[in-house]
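Encoded as structure tokens, the structure appears first; notes follow it.
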Amino acid sequence: MPNRRGSTDFHRSSCSVAIGALDGRAAWSTRGSCASRSALANRDWRTAIERYQEAFQYPKNLEVAARTPDFKAHLNWALGSAYVAAGHRSEARAAFEAVLAEKYAQPALGTYYQALVLRELGSRSEATSRLAQLEERARALVASSSARGGRGGAVGEYLMSLVLSARLRSSSSATRSRSSWRFWASRISGAA
């Protein structure tokens, strides 16, 4: 949940991303997000919001169109969080509703952002349900990757790390988090 100092629950990764290794769309979005996070850290709400809004637009020189469907839950969550930090709850709600409007064939990264939005809007039980769906999907990806190889395991582990991170921030699910940590600790140590 965002606070007045600009700290948020979205990715706290460093902005020292090797942007050249990303495709044009990802590089543009990452550049906008990094500039926004820097502005948030400096409590420059207006600049942060402007940079997040810019991240929604692809520059013409990329010579690529938006993906279809072009999921933007991560950007809408970040924009909504910046609005909350700036004290603009009504604008934040519009961005959060855009996150909830995205539909996925199966739980995906956007499901994580939907859970964060639901928690922010006070729908804790539905947020917990979305995290449970995402956890189930993450476990399935790891299991299928172990059985037949592929990169699904890395995706599953990343999704599970987000689920566990979100749960650890919620004191009401401490028991479930401990059991999840035990499961993943056993997977990593090779005991499973």
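Looking at segment 47-65, can you tell me whether even one residue there is over 14 Å from the mean Cα position of the chain (by Cα), surrounded by 21 or more Cβ atoms within 10 Å (Cβ to Cβ) and β-branched (Val, Ile, Thr)?
yes
Does segment 119-151 hold any residues that are of a type in the set (Ser, Thr, Tyr), out of contact with any helix residue (DSSP H, G or I) (no Cβ under 6 Å at 6 or more places or on another chain) and more than 16 Å from LEU164 (Cβ to Cβ), and which are they?
SER123, SER125, SER129, SER146
Take the residues of segment 99-111 that are among the small types (Gly, Ala, Ser) and surrounded by fewer than 17 Cβ atoms within 10 Å (Cβ to Cβ): which is nearest to LEU79 (Cα to Cα)?
To start, the set of residues in segment 99-111 that are among the small types (Gly, Ala, Ser) comprises 101, 105, 108, 110.
Checking the rest, the ones that are also surrounded by fewer than 17 Cβ atoms within 10 Å (Cβ to Cβ) come to 101, 105.
On the way: ALA101: 15, ALA105: 24 Å.
Restricting to residues being among the small types (Gly, Ala, Ser) and surrounded by fewer than 17 Cβ atoms within 10 Å (Cβ to Cβ), the top hit is ALA101.
Any chance you could count how many residues in segment 121-157 are surrounded by fewer than 16 Cβ atoms within 10 Å (Cβ to Cβ) and touching a Ser or Thr at 6+ places or on another chain (Cβ under 9 Å)?
The total comes to 4.
Give the number of residues within segment 80-98 that are surrounded by fewer than 15 Cβ atoms within 10 Å (Cβ to Cβ) and in a helix (DSSP H, G or I).
So in segment 80-98, the residues surrounded by fewer than 15 Cβ atoms within 10 Å (Cβ to Cβ) come out as 87, 89-90, 94, 97.
Next cut, in a helix (DSSP H, G or I) only: 89-90, 94, 97.
Adding up the residues that qualify gives 4.
When you check TYR158 against the structure, is it at pLDDT 95 or above and out of contact with any Gly (no Cβ under 8 Å at 6 or more places or on another chain), yes or no?
no
The values are calculated or read from the model by the stated rules, or taken from the named source; none is laboratory data. A quick note: this is a predicted structure, and the numbers were derived from the prediction, not measured. Note that we place each Cβ from the backbone using ideal geometry, even for glycine, and neighbour counts take in every protein chain shown.
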